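Take a look at the structure set out below.
The values are calculated or read from the model by the stated rules, or taken from the named source; none is laboratory data. Because the structure is predicted, anything quoted here is derived from the model rather than measured. Glycine gets a Cβ as well: all are built from the backbone with ideal geometry, and neighbour counts include every protein chain shown. Each accessible area value is taken on the protein alone, full model and side chains, heavy atoms only, with ligands, DNA and RNA left out. Shrake-Rupley method; radii C 1.70, N 1.55, O 1.52, S 1.80 Å.
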There are 2 protein chains.
Amino acid sequence: MVLLRQLLGDVLRRLRIRQGRTLREVSASARVSLGYLSEVERGQKEASSELLLAICTALGTPLSQVFREVSDNFALAELQNEPVLEMPREPALRELAETTPRTPQDLTDMVPV
Amino acid sequence: MVLLRQLLGDVLRRLRIRQGRTLREVSASARVSLGYLSEVERGQKEASSELLLAICTALGTPLSQVFREVSDNFALAELQNEPVLEMPREPALRELAETTPRTPQDLTDMVPV
């Protein structure tokens, strides 16, 4: 069973990482707490419409684009017709975003080839 | 400023009305309260991901389609680049859905030409 908050969290996290930005930067720009943004990205918290707008504004990304990606990901899950909750959800990228790498080698190890 | 819960509510309401179904039918099928569904449709309440899934299942509509429409509506609002909150949001259809018409003439009066 695929839930909106999980696909939405994935899209937001992917956008942020694509921009090379940290949770700290984006949460400060959106004026939401770092913990809140982190929970939203992990699909653990429902983002209110107002805070979602603030986060997308901080990411410089129109809501139409965010929800087009959400729609595409729902379509993919529907096509597969199987639970996607158990799928690995970019653990390497997740690690990269949440931990402070200690050495350049750590970073390299975390990035999927 | 356009908010997700408002565009989402519009899409859900439009889907239900297109199917000729009442709030009562869909809320019973989705196992949510009629008041909750009505508030979600009016953009007054954020639907949780679980209840949104239940509502879309009751409407027999994949979430990918719902969010494609949400995305399209966001894109339209972004193109117009002006507040859409003040735009009339299908008041005739809203009336039609929420009130019990008294005479056929009432119905005719409510439907836009």
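Descriptive notes on the structure:
- Each Cα pair under 8 Å and six or more residues apart adds its sequence gap; the mean of these over the residue count of the stretch A:4-85 is a relative contact order of 36 percent.
- Phi-based couplings in Hz for the stretch B:35-40 (Karplus 6.51, -1.76, 1.60; Gly and Pro marked x): x, 5, 4, 5, 5, 4
- Cα-derived Rg to Rh of the stretch A:4-85, Kirkwood definition: 0.97
- The distance separating the Cα centre of the stretch A:35-65 from that of the stretch B:1-24 comes to 22 Å.
- Interface burial in the stretch B:34-71 reaches 40 Å² or more for B:46, B:49, B:50, B:53, B:63, B:64, B:67, B:68, B:71, comparing the full protein assembly with the chain by itself; accessible area from heavy atoms with a 1.4 Å probe.
- Here residue B:31 yields copy-to-copy label distances, from shortest upward, of 4.0 nm, the label point defined as 7 Å from Cα along Cα to C-beta.
- Positive minus negative residues near residue A:5 (Lys, Arg vs Asp, Glu; Cβ under 11 Å): -4
- Within-14-Å neighbourhood charge of residue A:31 [Cβ basis; K, R +1; D, E -1]: -1
- Here the accessible area is traced with a 1.4 Å probe on the protein chains. For the stretch B:4-85, carbon and sulfur cover 52 percent of it.
- Distances between equivalent label points of residue A:19 across the copies, with each point positioned 7 Å along Cα→Cβ, amount to 3.7 nm, shortest listed first.
- Solvent-accessible area buried by B and A, counting both chains, probe 1.4 angstrom, square angstrom: 1900
- Probe 1.4 Å, accessible area per residue of the stretch B:4-85, Å²: 45
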